[in-house]
1. Taking 7 Å along the Cα-to-C-beta vector as the label spot, tell me the B:Met89-B:Phe12 distance in nanometres, rounded to one decimal.
2. Only helices at least 18 Å long along their axis, Cα-based, and averaging -0.5 or more on Kyte-Doolittle count here, so list those DSSP H runs from chain A.
3. Where does chain A land at 222 nm, in deg cm²/dmol rounded to the nearest 500, when only DSSP H runs of n ≥ 4 count, each adding -39500 (n - 2.57), divided by all residues?
4. Reported to two decimal places, what Rg/Rh ratio describes segment A:430-482 when computed on Cα atoms with Rh from the Kirkwood expression?
5. Using only the alpha-carbon atoms, what does segment A:296-376 span along each of its principal axes? Please give whole angstrom values in decreasing order.
6. Probe radius 1.4 Å, ligands and nucleic acids ignored: give me the carbon and sulfur share of the accessible area of segment A:154-342 as a rounded percent.
7. To the nearest whole percent, what portion of all C-alpha pairs in segment A:120-161 is separated by more than 17 angstrom?
8. Could you give log10 I(q)/I(0) at q = 0.13, 0.16, 0.19, 0.24 Å⁻¹ for segment B:35-112, computed by the Debye formula over C-alpha point scatterers of equal weight, without solvent?
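The values are calculated or read from the model by the stated rules, or taken from the named source; none is laboratory data. Since the structure is predicted, the reported quantities are computational estimates derived from the model, not experimental observations. No Cβ is skipped: glycine too gets one built from the backbone with ideal geometry, and neighbour counts run over all protein chains shown. Accessible surface areas use protein heavy atoms only, side chains included; no ligands, DNA or RNA. Shrake-Rupley method; radii C 1.70, N 1.55, O 1.52, S 1.80 Å.
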Amino acid sequence: MKKALFVTLVLLLLFTLSSFVFAAGKTWESQKGEYAGKSITVLVTDPHTMVVQAWKPSWEELTGGKVDIVVVPYASLYDKMMTDFITDTGAYDLICWPSSWSGDIMGGGWVLSLKPFMDDYGYPNWDDVVPAQKNNLMWAGVVYALPYDGDCHLIYYRKDALENKEYQAKFKAKYGYDYNLPPKTWEEVIDVAEFFNNWDWNNDGKNEYGIDFIAQRKTQAQWTLLDIVMQYAAQPGVAPYFNPDTMEPLVNNPGWVEAVTVITKLAKLAPPGILGYGYSENRQAFVSGNAAMSIDWGDIGVMEQSEKEYGSKVKGKLGYGPLPGAKKTFNFKDNKWIEGYNQVNFLDFGGWIYSISKFSKNPEMAYKFGTFMTTPEHSLLDVDGAHGYTGANPWRFSQYKEIAKWVTDGGWGEESAKGYLGAIEKIMSDAKAMSDLRIPGGAEYYDYMDLHLADALAGKATPQDVCDAVYKEWQKITDSYGRDKQLKLYRESLGLPAK
Amino acid sequence: MAMIKKGTGIAFLVPGLAFLLIMGIFPLIWSLTLAFSKWKAATGVGKTFVGLDNFINIITDDPRFWNSLRFTVLYVMVVVLLELVLGLMLAYILTEKMRFRNFFRILFLLPMAAPAIGVAFIWRMLLNPEAGIVSKIMAAFSINIPGLLTNASTAPYMLMIIDVWEWTPFMFMGLLAAMQAFPPELYDAAAVDGASGWKTFWYITLPLLQPIIITLSLLRVIDSFKLFEIVFGVTSGGPGSSTESLSFYTYTVGFSYFNLGYACALSWVFLVIILAISNVVLNRFRKEA
């Protein structure tokens, strides 16, 4: 008996030791020739394919594996990805997708938990990832995605216009106050946009406009609206989407109506073709110098730096700041306006992230390629402009600090890099920054918002009608997914206890 | 012997029947069963039977369906009529003997040869409010209409123009082929009787063309009712929902919201509408014939 016990203990010890030895050999670092003869397929949109294209050759050379890239437009990504999942096709191993779809993708169980991979292989400097970004990688406390892009909207403004003393004096004479740099409220943005709209304030022989923003249907216009909604219908830590007790949409309360009113006013102070501005048009137009202000993710900052690549006429002329706030905000709990300044940072879109399809035939290989692309050294080159406009924006603490690299690798001016990174770091480090709606059906809720917003911008419906229409659709969507289930997940996403 | 022959006959039929059943009948029945189900495929939850709920919702509580149907019907009526008239004019002109006749015949066929999605992107670029050649030409004549595609009043008509540009050649080709097959004796006799060019067209050419006009129009009605690529490539249904066709809406419900039960119900409603319209068009032409 004793002998049997002894043998068992020895075997157990040997097994434990061998596990340690085996695990110690596993690392996130890709090894020479480890994937010879194998391949993975990466599904990605443009311009994010730039990052995959940048790292594919060196990784293929190192590991002997092959990376096939499938590029689809943003408008088709959800369809392609979900069709692949639903039909169990497994055509894609690694998928680059926006974290605002987490409710559908992670909640639907379509992608693999990365916990086993992170436990086995580790992840390059996980502590360097900003907490706001980590939160976007998780569902119910489990990591389902690799970080790759830190997303938030900034206000960009032309320093040569807004810092011009003569214009400032004229503005004060007309509006009776000095504007802030950057403008602090949406009311101020409207005044500044109106002041700089449709005249040649930079003496280049062409008229410039007040503001550029994304307004085209199906090209992320809803996030411009949400930037404004956050100020009029949310408060730090209080989300504006649903009543967390009843799951009744809040989208037609006076705060939302005010936000839609503001965006329709801004559309009149924008270039004539604003309703055709998707994210590409917005960025291209603004760096070509056609407006005094713009709202966008960090991409304009990268495109600002290169005249040769992006036709930038504004290098060194841009200022950067957090989203403007509002002079009042609507408190849905008391059903009344709160007078006074309100400013809510918002992590628009939540960043593009990489997940491994649950139908992937080579998940380990996909994980290794993902970690290879997102190491501190590699990812810095993806966000600082060294690889051009990739669509990826800073998401590691180290990326905010390495100003010198932004200057040498990305071609930034030091002052610009400091201003840009300072603004982004402030937003991304805000513990009360608001996240996107992260429940199943997120894409559908947002699409209806986008659809009806387009009606408002096209002048086909009043702000109240638009908000009422969205309310009706959101009710229907909630019912179609199951109200109780949605309520539970919504509360979970806000960090509230279950009812 | 007869039994063997019968058996051989059946054996030859089996592959064709099996193909038809698998590729044609099964998807039809499958989609019909889905139309009576609720299935949000993205959630990973299976489908549940909901009876007529999807159809009732479409009819009573879906303004987007009615909006897309209204746009699609208007679109079909305008484009098919314009394409028929223009195609007829072109075919009539190019049956006459003239210089470079063959060159023009080929030239007018080119738009139809281009893939629809390519046509959509070409026109999207042409009509771009800032970089597009159309707005630049208009600006040269001091005509300032910003955003032909981003204005809810003009965007539907822009799509119609694109369709007419692309599909008039189809009408032209069919009508030209028919005209070339007409017996010349009829025209000789009309000329001897002193019929004018207009009377010859009205009393000889047009009646002779009626069967081919019916066929071509019906094909175009059915095809343009399925309007998708131009909407997808040029406006994505916008601005607002002003150019959302029934096909595009069905696609959005099916492949953006993955509400597959509802999308199948929409598809069946779509099929019934097309069958009804085809029937009406056929009867109308038959009566007139």
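1. 5.2 nm
2. Numbers: long enough: A:2-25 (34 Å, 1.86); A:49-63 (20 Å, -0.27); A:74-86 (19 Å, 0.13); A:254-267 (20 Å, 0.91); A:414-428 (21 Å, -0.19); A:442-457 (22 Å, -0.18); A:463-481 (27 Å, -0.96).
Flagged H segments are A:2-25, A:49-63, A:74-86, A:254-267, A:414-428, A:442-457.
3. Working: 22 runs with 232 residues, N = 499.
So the calculated ellipticity at 222 nm is -14000 deg cm²/dmol.
4. Here Rg/Rh amounts to 1.06.
5. Largest to smallest, the principal-axis extents are 55, 42, 20 Å.
6. Values: 3110 of 6550 Å².
Carbon plus sulfur share of accessible area: 48 percent.
7. Details: 402 of 861 pairs.
Pairs farther apart than 17 Å: 47 percent.
8. Normalising to I(0) and taking log10 leaves -0.66, -0.76, -0.91, -1.09.
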